[in-house]
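Scroll down for the structure; my scribbles are underneath it.
What follows draws every value from the coordinates through simple rules; no lab data is involved. All values reported here derive from a predicted model rather than from experimental measurement. Cβ atoms come from the backbone with ideal geometry, glycine included; neighbour counts cover every protein chain shown.
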Amino acid sequence: MHGPASPAWLLVALCAATGAYCLLRMRSGVEDQRRAAGGDAVMGFGMAAMAVPAAVFTPPAWAWAGGAVVFGAAGLRGLWAARAGRRHLHHLVEAGAMVYMAAVMAASPAAGSAAHVHGHGTSGPPVLTGALLLYFAGYVLLTGVRLIPGVAVAGGGAGGDGAATAGWGDRPELARACRLAMAIGMLAMLPAM
């Protein structure tokens with residue numbers, strides 16, 4: 001791998017691995033966690049597809065419009081789930097960012113994923129890009145702090161009945177780590193918009 005293709009492949013690997021783990025998390029016995037894991041898996045695989053270098057595969061422009069529709073539907077699902085709790089708002093923002101990136105890629109004259117990962121594509125609205133960058137940077141910092149063991153909320157750590165019976169797919173810190181990985185991926189992809 002030479003030059004800018006290496007970061008793109010690393011991003012593909014990170015997002016695909018996150019999507020695969022989220023598919024495994026869908027085996028949870030808790031319905032809300034299964035639904036969240038499904039949304040995370042869609043985001044992970046979608047981000048992996050967007051990050052594939054154009055030298056390897058350049059999808060047709062209609063594929064990006066199709067991606068925008070899929071992520072728009074995921075955003076509507078996130079909006080519906082947000083009625084039950086604020087924690088679902090992140091899925092809404094994440095889906096909106098994916099719709100935005102897919103729309104920019106569809107409008108790009110070189111409608112390939114590497115055109116955006118490597119900065120050769122058209123620019124999106126800088127205010128929206130900046131707002132999304134700020135959101136995901138804040139999310140990465142906040143989630144990173146929450147993953148530090150000493151900062152864990154009382155009663156949410158090891159021990160107790162929940163930790164003894166919870167499967168590895170039901171561990172909230174692993175779900176948080178998946179979302180952290182995808183937010184880092186967003187931070188890598190958005191500056192090229």
What ³J(HN,Hα) values, in whole Hz, does the Karplus curve 6.51 cos²θ - 1.76 cosθ + 1.60 give for segment 6-11 when θ = phi - 60°, with x put for Gly and Pro?
4, x, 5, 5, 5, 5
Packing-ranked peptide list from 66-78, 14-26, 42-54, highest mean Cβ count within 10 angstrom first, is 42-54, 14-26, 66-78
